[in-house]
Amino acid sequence: MNNPREIALEVAKVLDSKKAVNIVLLEVAHLTVVADCFVIASGRSANQVKALAHEVEDKMAELGLDARRREGYQEGRWIVLDYASVLVHIFHEQEREYYNIERLWMDGSNQIPFEPQPDGE
């Protein structure tokens, strides 16, 4: 799996399966050289934020993708996983509201459609 959009969608599915909240996928290649896509999601507690990040790392490793870097595990308030072309931002809800990184990176045309699955699927 090399396509950044496919990777971002796979990460979103993993996050959704573990009850992450407010999952947003953005194509940012035209705005920065840091990554091609961002995946942004929230957890309701520091423990959930950590569990979400662990689950993403485990599932991506099964697909042969290992995070190059990871930051924020100790506090569990904002964890970033770096998959080169895709950056995964997992926030505690309060930090997400405070930093509002979507405001910085969303230009009105770069959101990747993603529909969370109804509970139980």
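The values are calculated or read from the model by the stated rules, or taken from the named source; none is laboratory data. As the structure is a prediction and not an experimental result, all values here were calculated from the model. Virtual Cβ from ideal backbone geometry, glycine too; neighbours counted across all protein chains shown. Side chains are part of the model used for accessible areas, which takes the heavy atoms of the whole protein and leaves out ligands, DNA and RNA. Shrake-Rupley method; radii C 1.70, N 1.55, O 1.52, S 1.80 Å.
Table for the structure above
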read-out: Identity of the residue in the range 33-49, in contact with a strand residue (DSSP E or B) (Cβ under 9 Å, 6 or more places away or on another chain) and farther than 14 Å from ASP82 by Cα, that ends up surrounded by the most Cβ atoms within 10 Å (Cβ to Cβ); value: VAL49
read-out: GLN74 being more than 14 Å from the chain's Cα centre (by Cα) and not aliphatic (A, V, I, L, M); value: yes
read-out: Answer residue from the range 18-45, given it is free of Cβ contacts under 8 Å to residues at least 60 places away in the same chain and of a type in the set (D, E, K, R) and is nearest to ARG77 (Cα to Cα) among those; value: ARG44
read-out: Every residue from the range 71-87 that is small (Gly, Ala, Ser), free of Cβ contacts under 8 Å to residues at least 60 places away in the same chain and under 18 Å from GLU6 (Cβ atoms); value: ALA84
read-out: Residues of the range 50-70 that turn out to be surrounded by 13 or more Cβ atoms within 10 Å (Cβ to Cβ), charged (D, E, K, R) and without any contact (Cβ under 8 Å) to a residue 40 or more places away in the chain, as a count; value: 3
read-out: Selection count where residues are under 18 Å from ARG96 (Cα atoms) and out of contact with any helix residue (DSSP H, G or I) (no Cβ under 9 Å at 6 or more places or on another chain), scope the range 1-42; value: 2
read-out: Boolean, ALA12 is assigned to a helix (DSSP H, G or I), modelled with pLDDT of 95 or more and open to solvent by 40 Å² or more (accessible area, probe 1.4 Å); value: no
read-out: Output for the range 73-121, where each listed residue is part of a loop (DSSP other than H, G, I, E, B), over 22 Å from VAL14 (Cβ atoms) and charged (D, E, K, R); value: ASP107
